[in-house]
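Visitor: Before we start, here is the structure in question, set down as structure tokens.
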Ligand SMILES: Nc1ncnc2c1ncn2[C@@H]1O[C@H](COP(=O)(O)OP(=O)(O)OP(=O)(O)O)[C@@H](O)[C@H]1O
Ligand SMILES: [Mg+2]
């Protein structure tokens with residue numbers, strides 16, 4: 001598929017903005033309308049990584065995004081996670097029009113509502129397990145004692161109390177990812193995003209993470225994961241397939 005395209009056609013924009021459906025729909029956590037992401041590759045030429053993404057995700061859903069390498073899966077996840085701002089289209093998170101927010105407002109929304117799990121864990125090497133778990137709480141208005149209680153609760157729930165004073169390099173991959181998931185959910189996000197969360201793990205460690213995701217979803221957390229594994233995808237409720245930046249299956 002030819003992904004190079006001249007800059008956006010204004011008549012197309014006019015057609016899209018005529019969509020008069022309400023901005024928020026009951027029970028939906030996420031609504032994307034005509035989201036596109038491109039990189040400039042020369043004068044007036046763009047390489048489109050995501051094309052015309054229309055997507056609705058209900059509160060409490062567990063969605064797996066699949067597709068070949070380079071299809072745009074991580075790109076989509078980073079837009080949903082509000083890490084990336086250089087896209088066009090509309091993104092409603094609950095009642096909030098993310099596309100109208102200023103960078104600082106998006107960061108606040110992200111810190112309060114979204115947890116992110118990375119394939120490479122992305123723990124802070126110079127901080128202990130305890131300190132890594134405390135970081136997301138420092139962005140929120142918790143007292144010192146509330147923070148201590150939340151960290152203790154997570155250590156207990158994930159059975160890593162004995163590891164609390166160790167540094168990430170002193171943990172196995174599976175243990176690091178447990179800390180990664182604990183860090184992502186410690187502040188009680190509405191949405192958990194995970195980009196190939198078991199990609200670096202042995203199958204039994206991966207299963208443990210997937211069982212954990214299933215449990216979190218059963219408790220009501222909305223989860224969107226990127227995975228190359230059919231088995232991991234089967235833990236979710238539905239699959240969205242991406243190809244060359246287009247949703248080819250699973251679109252609502
Ligand atoms: N900064 C960038 N500049 C130009 N192109 C980029 C940039 N970042 C990503 N891309 C391109 O965007 C496309 C989608 O990348 P993305 O990381 O979303 O793929 P992916 O589906 O997550 O692949 P994988 O399964 O390998 O992780 C790729 O073709 C990639 O080269
Ligand atoms: Mg990726």
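Visitor: To check you understand DSSP bridge types, tell me what percent of the beta bridges within the stretch 138-252 (both residues inside) are antiparallel, rounded to 5.
Guide: Percentage antiparallel, nearest 5: 40.
Visitor: Mean shadow of the stretch 104-221, computed from the convex hull of its alpha carbons, in nm²?
Guide: Computed as one quarter of the Cα hull surface, the answer is 7.2 nm².
Visitor: Restricting to Cα atoms and excluding each atom paired with itself, what does the Kirkwood estimate give for the stretch 37-103 in Å?
Guide: Over the stretch 37-103, the inverse of the mean reciprocal pair distance is 13.5 Å.
Visitor: Let me ask something additional. At 222 nm, what helix-only mean residue ellipticity would the chain give, in deg cm²/dmol to the nearest 500, using -39500 (n - 2.57) for each DSSP H run of four or more?
Guide: Mean residue ellipticity, 222 nm, calculated: -10000 deg cm²/dmol.
Visitor: A follow-up question, please. Mean shadow of the chain, computed from the convex hull of its alpha carbons, in nm²?
Guide: Quarter of the Cα hull surface area: 14.7 nm².
Visitor: Hey, another quick one. What nm distance separates the two modelled labels at residue 142 and residue 112, each placed 7 Å from Cα along Cα→Cβ?
Guide: Here the answer is 1.7 nm between the modelled labels.
Visitor: Given the peptides 180-193, 119-132, 159-172, arrange them by the average over their residues of other C-beta atoms within 10 Å, most packed first.
Guide: 180-193, 119-132, 159-172
Throughout, read-outs are computed from the coordinates displayed, never taken from laboratory work. In this text the structure is predicted, and so the values were computed from the model without any measurement. Every residue, glycine as well, gets a Cβ built from its backbone with ideal geometry; the counts of neighbours run over all protein chains shown.
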